[in-house]
Amino acid sequence: MSLTINTLGIVGAGQMGSGIAHVCAAAGIEVRLNDVNEERINGALATINGNMARQVAKGSMDEPARQAALGRITGARSFDDLAGCDLVIEAATENEEVKRSIFVALCRALPPETLLATNTSSISITRLAAATNRPEKFIGIHFMNPVPVMQLVELIRGIATEDATFDSARAFINRLGKTLTVSEDFPAFIVNRILLPMINEAVYTLYEGVGSVESIDTAMRLGANHPMGPLQLADFIGLDTCLSVMQVLHDGLADSKYRPCPLLVKYVEAGWLGRKTKRGFYDYRGDKPVPTR
């Protein structure tokens with residue numbers, strides 16, 4: 001029997017976790033937001049407050065709804081504070097070992113009926129589920145970034161995911177007013193299986209000197225009608241995340257076409273991860289972004 005999600009736990013108060021908290025609280029769901037760093041929880045709450053204020057200014061949300069939504073989000077200092085949740089979504093960094101360790105610890109704190117989900121953009125749902133004591137209650141719910149703006153959610157079941165878990169997750173996504181697409185559990189699912197090799201190819205195009213950062217992004221914006229150039233998009237996603245997805249594709253599918261571009265590796269090694277570190281394919285430290293190549 002499917003479960004109605006009224007209380008949601010989120011592990012990870014970064015860009016994705018805060019975005020998920022935002023849309024869920026706005027849809028009337030009680031949210032408990034956890035992170036290893038309490039400052040990140042406070043930062044996420046401030047970000048959500050600011051983003052909702054912008055929605056009020058645009059007329060897409062009224063002030064009473066904003067106040068009510070903010071009142072539904074509370075910080076959770078430990079996994080024990082998530083014990084009363086119907087569903088807990090992991091939205092930590094795109095690293096399989098980190099995610100597996102989170103799920104092992106979560107399972108010790110949560111009652112057996114609590115559903116578990118991961119917001120991974122590329123890692124095997126079946127493998128992550130195997131780290132838990134409830135693989136039949138485990139599912140992939142992959143939100144797109146930025147969550148309040150992007151309409152799509154990918155739903156991915158592992159080999160052991162029960163129909164009731166899938167039905168609960170589908171109803172949850174529908175309640176948020178999002179559109180879902182169902183993917184099989186293959187590396188990077190649908191969106192990133194197609195998107196990240198395109199970004200990686202754009203980096204190769206830069207690496208081989210075919211075009212500059214500016215010419216590549218302009219070509220794809222105006223020549224393919226993309227809202228954002230692929231290198232600009234890579235900076236927005238985070239070059240470390242782009243690299244980790246390409247590594248999952250390369251390792252999981254063993255095809256040389258998924259080999260991460262050496263230039264992408266070099267930028268990540270330099271700590272130039274895009275917008276979040278103020279430098280990537282563009283330098284964001286001035287008044288406007290300046291290409292770094």
Checklist entry - In whole percent, what relative contact order does the chain give with Cα contacts below 8 Å and a gap of six or more residues? => result 14 percent
Next on the checklist: Restricting the calculation to Cα positions, tell me the Rg (one decimal) and the Dmax (whole number) of the range 97-139 in Å.
Outcome noted: 9.4, 27
Checklist outcome for this item: Residues whose modelled amide H sits under 5 Å from the amide H of residue 76, counting only those 5 or more places away in sequence or on another chain, are 33, 34, 35
Checklist outcome for this item: dims of the range 192-291, Cα set, principal axes, largest to smallest, nearest Å -> 42, 31, 23
Next on the checklist: Can you compute the modelled spin-label distance between residue 77 and residue 212, with each label point 7 Å from Cα toward Cβ, in nm?
Outcome noted: 5.3 nm
Item to check | Nonlocal amide H pairs with residue 120, under 5 Å, H built at 1.01 Å | outcome: 141
Checklist entry - Can you run phi through the Karplus equation (6.51, -1.76, 1.60; θ = phi - 60°) for the range 189-205 and list ³J(HN,Hα) in whole Hz, with x for Gly and Pro? => result 6, 9, 4, 6, 4, 9, 6, 5, x, 5, 4, 4, 5, 5, 5, 4, 4
Checklist outcome for this item: Residue-normalised 222 nm signal for the chain, counting each DSSP H run of n ≥ 4 as -39,500 (n - 2.57), nearest 500 deg cm²/dmol, is -14500 deg cm²/dmol
Next on the checklist: Projecting each Cα onto the charge dipole of the range 248-293 (Lys/Arg +1, Asp/Glu -1 at the beta carbon, about the Cα centre), which of 260, 286, 272 comes out farthest on the positive side?
Outcome noted: 286
Checklist outcome for this item: When the charge dipole of the chain is computed with +1 on Lys and Arg Cβ and -1 on Asp and Glu Cβ about the Cα centre, the Cα farthest towards its positive end, among 42, 93, 61, belongs to 61
Checklist outcome for this item: In whole µm²/s, the translational diffusion coefficient that Stokes-Einstein assigns to the range 118-247, given a Kirkwood hydrodynamic radius over C-alpha pairs, 37 °C and 0.692 mPa s, equals 205 µm²/s
Checklist outcome for this item: Interchain or sequence-distant (5+) residues whose placed amide H lies within less than 5 Å of the amide H of residue 279 are 273, 274, 284
Checklist entry - Cα convex hull of the range 7-183: how many Å³ per residue? => result 95 Å³
Checklist outcome for this item: With the dipole of the chain defined by +1 on each Lys or Arg Cβ and -1 on each Asp or Glu Cβ, the option from 228, 138, 31 whose Cα lies farthest towards the positive pole is 228
Next on the checklist: From the phi angles alone, apply the Karplus equation (6.51, -1.76, 1.60; θ = phi - 60°) to the range 175-185 and give each ³J(HN,Hα) in whole Hz, x where the residue is Gly or Pro.
Outcome noted: 4, 7, x, 8, 9, 10, 10, 9, 10, 6, 7
Checklist outcome for this item: In whole Hz, the Karplus estimates of ³J(HN,Hα) for the range 274-283 (6.51, -1.76, 1.60; θ = phi - 60°; x where Gly or Pro) are x, 4, 5, 10, 6, 9, x, 6, 10, 9
Item to check | For the range 37-81, projected area of the alpha-carbon convex hull averaged over all directions, nm² | outcome: 3.2 nm²
Checklist entry - Roughly how big is the chain's charge dipole about its Cα centre, with Cβ charges of +1 (Lys, Arg) and -1 (Asp, Glu), in debye to the nearest 20? => result 520 debye
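No lab work stands behind these numbers, since they all come straight from the coordinates. As the structure is a computational prediction, the values presented were derived from the model and not from experiment. Glycine also receives a Cβ, built like all others from the backbone with ideal geometry; neighbour counts cover every protein chain displayed.
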